[in-house]
Amino acid sequence: MKSGFELQIYPHLPNLRRAALGLTRNQMDANDLVQETLLRAFRFWHRFTPGTNCRAWLLRILNNHHINEWRVYSKRVISVDIDCLPEASLNRLSQFPLRGSSPEQDMISESLDDSLQSALYQLKDEYRKPLVLYFFKDLPYSQIALESDLSLGTVKSRLYRGKQLLRKNLNENAINNRYA
């Protein structure tokens with residue numbers, strides 16, 4: 001005989017699995033997320049009001065847990081011992097020119113570690129230049145717009161998009177280096 005918890009939760013399991021897979025894009029992580037959601041739902045079942053939308057309550061638990069896990073994951077620092085990297089990874093990193101092409105590249109290569117340099121050089125010039133002017137030369141938006149011959153709105157959007165792409169490149173490089 002099923003308890004009230006099981007009767008309420010069971011019909012929503014396919015929805016939870018689909019939502020978790022959509023968030024994680026990985027079956028094993030999705031299964032872990034659903035399991036953690038069910039554990040939290042069971043632990044806080046006394047807070048659920050019968051007659052309300054159980055599916056929405058479960059999806060909120062799932063989404064909140066995923067966001068919390070992502071925050072913890074994104075703040076985690078991954079250190080890499082260069083001596084443990086395979087030759088293929090080192091060759092892949094060496095394809096990015098780090099010195100000599102321009103004063104901008106010289107400044108970047110002198111002030112940044114290798115992982116940040118490679119992530120920055122993976123960006124298109126249209127995103128890299130505003131980022132360098134803003135973060136390394138401490139120029140205000142208006143001055144960046146003048147130097148780049150762009151509108152103020154374009155500078156703001158390129159800085160925003162450039163920061164997103166840089167963050168994505170750093171995460172991908174860290175993951176690739178961790179599993180390489």
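The values are calculated or read from the model by the stated rules, or taken from the named source; none is laboratory data. On a predicted model such as this, the values are computed, not experimentally measured, just so you know. Note that we place each Cβ from the backbone using ideal geometry, even for glycine, and neighbour counts take in every protein chain shown. All accessible areas refer to the heavy atoms of the entire protein, side chains included, with ligands and DNA or RNA removed. Shrake-Rupley method; radii C 1.70, N 1.55, O 1.52, S 1.80 Å.
So in segment 1-10, with the set limited to residues that are open to solvent by 70 Å² or more (accessible area, probe 1.4 Å) and free of Cβ contacts under 8 Å to residues at least 12 places away in the same chain, which one is farthest from TRP70 (Cα to Cα)? Let's see the steps before the verdict.
Step one: filter segment 1-10 for residues open to solvent by 70 Å² or more (accessible area, probe 1.4 Å), giving 1-2, 6-8, 10.
Among the residues that remain, those that are also free of Cβ contacts under 8 Å to residues at least 12 places away in the same chain are: 1-2, 6-7, 10.
Working: MET1: 37, LYS2: 34, GLU6: 28, LEU7: 31, TYR10: 26 Å.
So the residue we want is MET1.
Could you check how many residues of segment 131-180 are open to solvent by less than 40 Å² (accessible area, probe 1.4 Å), closer than 25 Å to LYS75 by Cα and not in a helix (DSSP H, G or I)? First the steps, then the outcome.
Keep residues of segment 131-180 that are open to solvent by less than 40 Å² (accessible area, probe 1.4 Å), which gives 131-133, 139, 144-145, 148, 155, 159, 162, 165-166, 169, 173-174, 177.
Narrowing the set further to residues that are closer than 25 Å to LYS75 by Cα leaves 131-132, 159, 162, 165-166, 169, 173-174, 177.
So of that shortlist, the ones also not in a helix (DSSP H, G or I) come out as none.
Here the count works out to 0.
So, of the residues in segment 30-70 that are open to solvent by 80 Å² or more (accessible area, probe 1.4 Å) and of a type in the set (D, E, K, R), which turns out to be nearest to LEU7 (Cα to Cα)?
ARG55
Are there helices (runs of 4 or more DSSP H) fully within segment 13-106 with at least 2 residues that are out of contact with any helix residue (DSSP H, G or I) (no Cβ under 8 Å at 6 or more places or on another chain) and modelled with pLDDT of 90 or more? List them.
On the way: elements: 13-24, 27-43, 54-75, 87-94.
Ranges flagged: 13-24, 27-43, 54-75.
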